[in-house]
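Remarks on the structure that follows.
Taken together, the values in this text are just the output of simple stated rules run on the coordinates, not laboratory data. Bear in mind the structure is a predicted one, so any value in this text is a computation, not a measurement. For neighbour counting, all protein chains shown are included, and Cβ atoms are generated from backbone atoms with ideal geometry for every residue, glycine included.
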Amino acid sequence: MKLIHAGSSRLVEDALSGRLPHHKLPEHGVGGDVASDLIKNELLLDGSARLNLATFVTTWMPPAGAELMAATADKNMIDKDEYPQTAEIEARCVHILADLWHAPDGEAVGTSTTGSSEAAMLGGMALKWRWRERLRKEARETDRPNLVMGANVQVCWEKFCRYWDVEPRLVPMEGDRFHLTAAEAAQRCDENTIGVVAILGSTFDGSYEPVQEISEALDQLAARGGPDVPLHVDAASGGFVAPFVQPDLVWDFQIERVQSINASGHKYGLVYPGVGWALWRSKEALPDDLIFDVNYLGGSMPTFALNFSRPGSEVVAQYFNFLSLGREGFEVVQRTTGDIATRIAHEIAGMGPYWLLTDGSELPVFAFALNGDVKNYTVFDVASQLRERGWLVPAYTFPENRQDLSVLRVVVRAGMTQDMADLFVEDLRKTTETLESLDSPLPQRSAEERAGFKH
Ligand SMILES: Cc1ncc(COP(=O)(O)O)c(C=O)c1O
């Protein structure tokens, strides 16, 4: 104890003079309480998670859920043998999602992941493996696979293409078309297309891509003698929104061409990071040679994942949300979040200098831009002024073909109350008034600053 105390006072002194260890393990520890205090103090410099309107990822859980996560932090998801009930809970979550996404009765297979990025890798691999198997049977070359998707895809799909040697066929934005459409998708498919990715909804503006129309265009392509291209839906956010807010929208396994779906439990699945889900409509959609068997209660448990060890507590928390909220509770949470998003969007539209690309009526996410006649400031200035008030609202430029368009994006999540929404609108109104009163333009920001936000 004495040693720890001696160490702690030295380290506290160091902390006060800004010398916490950065590169080397300290010779003496300071003990848990002091270390925790020092780290908490340092983390005060992070933005406030609740004022972070940039992220899609959960920043608030009810105390009972957070406590359950802490109580299950010692569980390793891969230890199916040691923690069979955690494995059972994972399987229940897969069944619940399969039901929510209208998978054919009892046929879907799936797994939890660390998030949608891992789930996208798994979905993409299954598409590539199936395409290769098909071409090999026909004794054809398999060295030039491609994947068709909109230029608005999240970076995980470009990663998938680079890591697994697949050509990304990105359909550029054009005019007011900010995501993939049916005609564009079908046009770019050929015999080497492993699949089309449709997004529910787009990271750039929260809009839903027309999954059913894309599927119909692919049906027509196949009927004309063209390639028969499977569809994967990246429902990172929408997978937990559409079933509750747009229950009549057809986007999921109701569409036969949809072979697989990914979603992030840690986005609108309302769990702290990181948990995601990958589901296939049937065993046939997931090639056998991608599945590994791990020992499970003396038997064998099939797994398909990139990670081996990973936390079980997020999966437990996902089940907690299903159990504590039920369908009705999810509906209330997602509808309330959606109402707050559309209300903020319409207030912003009424402020004068802004126009809305989307209004939060699909995902509770919307993007807005400045009217062309605003010359003295940019969306980057708006974002930096809001940051002074603690609000984290990203400003960014759209990709190729619409690099002229810079927007701000607001992601509304559970935990954003009406009162907080009012405060945000008022702060934005004041910021806008200040910027509107400028009589000459603010200095231009560098290209790096403009490109600073990563989706
Ligand atoms: C459409 C889409 N796909 C994939 C991802 C990656 O998800 P994750 O952060 O769960 O890996 C995101 C994240 O924002 C997303 O919006």
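What percent do you get for the relative contact order of the stretch 152-260 when only Cα pairs under 8 Å and 6+ apart count?
25
Rank Met77, Ala35, Leu45 by how far each Cα sits towards the positive end of the charge dipole of the chain (+1 on Lys, Arg Cβ; -1 on Asp, Glu Cβ) and give me just the farthest.
Value: Ala35.
When ranked by the protection proxy of mean other Cβ atoms within 10 Å per residue, highest first, what sequence do the peptides 240-250, 325-335 form?
The peptides rank, most packed first, as 240-250, 325-335.
If eta is 0.890 mPa s and T is 25 °C, what Stokes-Einstein diffusion coefficient results for the stretch 334-450, Kirkwood Rh from Cα pairs, in µm²/s?
Stokes-Einstein gives a translational diffusion coefficient of 168 µm²/s.
Using Cα pairs closer than 8 Å and at least 6 residues apart in sequence, work out the relative contact order for the chain, in percent.
Once normalised by length, the contact order is 20 percent.
Give me the dipole magnitude in Debye, nearest 20, for the chain about the Cα centre, with unit charges on the beta carbon: positive for Lys and Arg, negative for Asp and Glu.
The calculation lands at about 720 debye.
At R0 = 25 Å, how high is the FRET efficiency between Thr342 and Asp176 if r is their beta carbon distance? Nearest 0.05 is fine.
My answer for the efficiency is 0.80.
Evaluate E = 1/(1 + (r/R0)^6) for Glu216 and Arg92, where r is the Cβ-Cβ distance and R0 equals 35 Å; express this FRET efficiency to the nearest 0.05.
0.55
Please provide three numbers in whole Å: the alpha-carbon extents of the chain along the principal axes, with the largest listed first.
70, 65, 44
Beta carbons within 10 angstrom, averaged per residue: use that to sort the peptides 377-387, 85-95, highest first.
377-387, 85-95
Assigning unit charges at the beta carbon (Lys, Arg +1; Asp, Glu -1) and nothing else, what dipole magnitude in debye, to the nearest 20, does the stretch 334-450 show about its Cα centre?
240
Apply 1/(1 + (r/R0)^6) to the Cβ-Cβ distance of Glu42 and Leu306, taking R0 = 51 Å, and write down the FRET efficiency to the nearest 0.05.
0.95
So for the stretch 334-450, averaging the separation of alpha carbon pairs under 8 Å that are six or more residues apart and normalising by length, what relative contact order in percent results?
So the answer I get is 27 percent.
Quick one: Cα centre-to-centre distance for the stretch 103-158 and the stretch 239-279, in angstrom?
The stretch 103-158 and the stretch 239-279 have Cα centres separated by 16 Å.
What 222 nm value per residue comes from the helices of the chain, counting each DSSP H run with n ≥ 4 as -39,500 (n - 2.57) and dividing by all residues, nearest 500 deg cm²/dmol?
The per-residue figure over the chain is -12500 deg cm²/dmol.
Could you tell me which residue out of Phe322, Leu147, Gly372 lies farthest along the dipole of the chain toward its positive end? Charges go on the beta carbon: Lys and Arg +1, Asp and Glu -1, centred on the Cα centre.
Leu147
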